[in-house]
1. Going through the range 62-74 one residue at a time, which ones are farther than 26 Å from Met124 by Cβ and touching a Gly at 6+ places or on another chain (Cβ under 7 Å)?
2. If the Cβ limit is 7 Å and pairs must be 6+ apart or interchain, which residue in the range 56-78 that is within 12 Å of His44 (Cα to Cα) pairs with which residue that is more than 14 Å from the ligand (Cβ to nearest atom) and modelled with pLDDT of 95 or more?
3. Applying the selection to the range 48-69, what residues are within 19 Å of Glu107 (Cα to Cα) and part of a loop (DSSP other than H, G, I, E, B)?
4. Would you mind telling me which numbered condition in (1) touching a residue at least 12 places away in the same chain (Cβ under 8 Å); (2) within 16 Å of the ligand (Cβ to nearest atom); (3) β-branched (Val, Ile, Thr) Val116 fails?
5. Quick one: which residue in Val111, Val59, Val80 is within 13 Å of the ligand (Cβ to nearest atom), in contact with a Phe, Trp or Tyr (Cβ under 6 Å, 6 or more places away or on another chain) and over 20 Å from Glu22 (Cβ atoms)?
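The values are calculated or read from the model by the stated rules, or taken from the named source; none is laboratory data. From a predicted model like this one, the values you see are computed outputs, not experimental measurements. Heads up, the Cβs are rebuilt from the backbone with ideal geometry, glycines too, and the neighbour counts pull from every protein chain shown.
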Amino acid sequence: MKRFVCQVQELPIDKPRCFRVEGVDVFVVRTAQGVFALQNRCGHMNAPLHEGDYTDGLVVCGLHGAGFRITDGGVEWGAVLPPPISEYSTSENERLRRFGKLIESIETHPVHAYLVTVMDEQVMIEME
Ligand code: FES
């Protein structure tokens, strides 16, 4: 079912925004190629994607840097854990080591990409 997101004029080119649609946060960006919409939750640990960086068709999560394609939500690269978290799995401290191994085991999954249509200057997405 198509749901209204916003007016096209609310989307400056290459400046993503988050809109709440039917109780769901949706990442929306208008580019020279069109308007794209993704679930606004990172496929790694659910950080809001609109708080990250957008460039050249990719949104980079602001928390651990995973990159997602805006066209299909696919993972361009996975999360990169910064130090000291990246060093925990080799720590002498068992508790830190277990935490490090646990956090390193979290995979980065693709995010849902919505089918977008623009009609009469209105941006719509297909939702179930
Ligand atoms: S939450 Fe997005 S990369 Fe970790």
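1. Gly62, Ala66, listed by residue number.
2. Phe68/Gly74
3. Gly52, Cys61, Gly62, Leu63, His64, Gly65, Ala66
4. It fails just one condition, (2).
5. Unique residue meeting the criteria: Val59.
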